[in-house]
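J.: Attaching a single structure in structure tokens format; questions to follow.
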Amino acid sequence: MKAIVDLFSTDYGLLSIAVLLFIPFMAWWFYRFFTRKMEESERAQAAKRP
């Protein structure tokens, strides 16, 4: 019980929650960013081909 209280009431606990929420968001953003760039590159290469 003390661990849960520390998690939600201390600065290091709240920062831990923020980091744990930020990491999946960052992974999702990078996935979207890189897949979009790969698709753009494929389209550009397909347009250059005669």
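J.: Would you confirm, using the coordinates I've provided, whether Leu15 is surrounded by fewer than 10 Cβ atoms within 10 Å (Cβ to Cβ), modelled with pLDDT of 95 or more and assigned to a helix (DSSP H, G or I)?
T.: no
J.: Going through Ile23, Ile4 one at a time, which residue ends up being in a helix (DSSP H, G or I) and over 19 Å from the mean Cα position of the chain (by Cα)?
T.: Exactly one residue qualifies, and that residue is Ile4.
J.: Confirm whether Tyr31 is surrounded by 10 or more Cβ atoms within 10 Å (Cβ to Cβ), of a type outside the set (Lys, Arg) and either part of a helix (DSSP H, G or I) or in contact with a helix residue (DSSP H, G or I) (Cβ under 7 Å, 6 or more places away or on another chain) (or both). Full working, then the answer.
T.: Numbers: surrounded by 10 or more Cβ atoms within 10 Å (Cβ to Cβ): yes; of a type outside the set (Lys, Arg): yes; either part of a helix (DSSP H, G or I) or in contact with a helix residue (DSSP H, G or I) (Cβ under 7 Å, 6 or more places away or on another chain) (or both): yes.
Yes.
The values are calculated or read from the model by the stated rules, or taken from the named source; none is laboratory data. Remember, predicted model here, so these are calculated numbers, not experimental data. FYI the Cβ positions are ideal-geometry reconstructions off the backbone, even for glycines, and counts take in every protein chain you see.
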